[in-house]
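Below is one structure, written out as structure tokens; the observations come after it.
Nothing in this text is a laboratory measurement; each read-out follows from the coordinates by a stated rule. Please read these numbers as outputs of a predicted model, since none were measured by experiment. Note that each Cβ is placed from the backbone with ideal geometry, even for glycine, and that neighbours are counted across all protein chains shown.
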Amino acid sequence: MKIFIDTANIKMIEEINSWGILDGVTTNPSLIAKEGTDLKKCVSQIAKIVDGPISAEAISLTAPEMIKEGRELAKIHENINVKLPMCIESLKATKVLSSEGIDVNMTLIFSPQQAILASKSGARYVSPFIGRLDDIGQSGSDMLIQTVMAFRNYDIDTEIIAASIRHPMHVIEAAIAGADIATIPYDILKKMVSHPKTDEGIQLFLKDHEKSKK
Ligand code: G3P
């Protein structure tokens, strides 16, 4: 499973990239606003740090506007893909953008049927939101499993990005489901590294090493 970071924070991206495990980055308008930055400036900076796909989300609501905005965003860097919210207008826009070789990440996916339509329109990625489905008492994990199974039945090459990941168990759910990619917030990536028994083990080895020197 590829690992993307879900943030627009440059310092966090630099740090996680330095671990050598980062495959790409996703941003969205909320994450951009949180950093008080500008989308184009932000994704240009990210492209200098990370050698992998970077999602930049369009805010247009009609197909012609999405196409125009998508073309502009794609010009920023060859690794930029255009994130569009799932709707009829974005299906139309994806058809055009993908035919021009511009990768689209269809976001705000909450059902396998939405994902199937997005893949048919030519989306390179679909982003099922696990956490937000859990929030309303439905299983994000089941929805992800169904999406992966449906795609496998037909060898659909659209990559599935497990998104809206809120805790380390969501990462395990994404991996068991067979998601191609998990886009993970910074604090969860940090939590994934740690285990109290690992810390305890390191201390014990160091203590025993000190003893053996005496
Ligand atoms: O990138 C979109 C997605 O990951 C948002 O997550 O936690 O706001 O539902 P969340």
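Quick one: which residue in ALA174, ALA179 is in a loop (DSSP other than H, G, I, E, B), surrounded by 16 or more Cβ atoms within 10 Å (Cβ to Cβ) and under 16 Å from the mean Cα position of the chain (by Cα)?
ALA179
Out of all the residues in the range 68-79, is one or more within 16 Å of the ligand (Cβ to nearest atom) and either small (Gly, Ala, Ser) or out of contact with any Asp or Glu (no Cβ under 9 Å at 6 or more places or on another chain) (or both)?
no
Out of everything in the range 22-38 that is without any contact (Cβ under 8 Å) to a residue 24 or more places away in the chain and at negative phi, what residue ends up being nearest to the ligand (Cβ to nearest atom)?
SER30
Would you check if THR94 is within 16 Å of the ligand (Cβ to nearest atom) and surrounded by 22 or more Cβ atoms within 10 Å (Cβ to Cβ)?
No: the conditions fail for THR94.
Looking only at the range 152-206, which residues are in contact (Cβ under 8 Å) with a residue 24 or more places away in the chain, away from the ligand (no atom under 16 Å from the Cβ) and among the basic types (Lys, Arg)?
Residue satisfying the conditions is ARG152 alone.
Any residue that is assigned to a strand (DSSP E or B), in contact with a Phe, Trp or Tyr (Cβ under 7 Å, 6 or more places away or on another chain) and of a type outside the set (Gly, Ala, Ser) - is there at least one of those in the range 137-160?
yes
Which of the residues that make up the range 32-50 are among the aliphatic types (A, V, I, L, M) and farther than 17 Å from ALA182 by Cα?
ILE32, ALA33, LEU39, VAL43, ILE46, ALA47, ILE49
Would you confirm, using the coordinates I've provided, whether GLU89 is among the charged types (D, E, K, R), in contact with a helix residue (DSSP H, G or I) (Cβ under 7 Å, 6 or more places away or on another chain) and surrounded by fewer than 19 Cβ atoms within 10 Å (Cβ to Cβ)?
Yes, satisfied.
Which condition does GLU78 not pass, out of (1) in a loop (DSSP other than H, G, I, E, B); (2) over 18 Å from the mean Cα position of the chain (by Cα); (3) of a type in the set (D, E, K, R), if it passes all the others?
Every listed condition holds for GLU78 apart from (2).
Let me spell it out: the conditions are (1) assigned to a loop (DSSP other than H, G, I, E, B); (2) within 14 Å of the ligand (Cβ to nearest atom), and MET106 meets all of them except one. Which number is the exception?
(1)
Just checking, how many residues over the range 6-39 are part of a loop (DSSP other than H, G, I, E, B), within 22 Å of GLU159 (Cα to Cα) and among the polar types (S, T, N, Q)?
3
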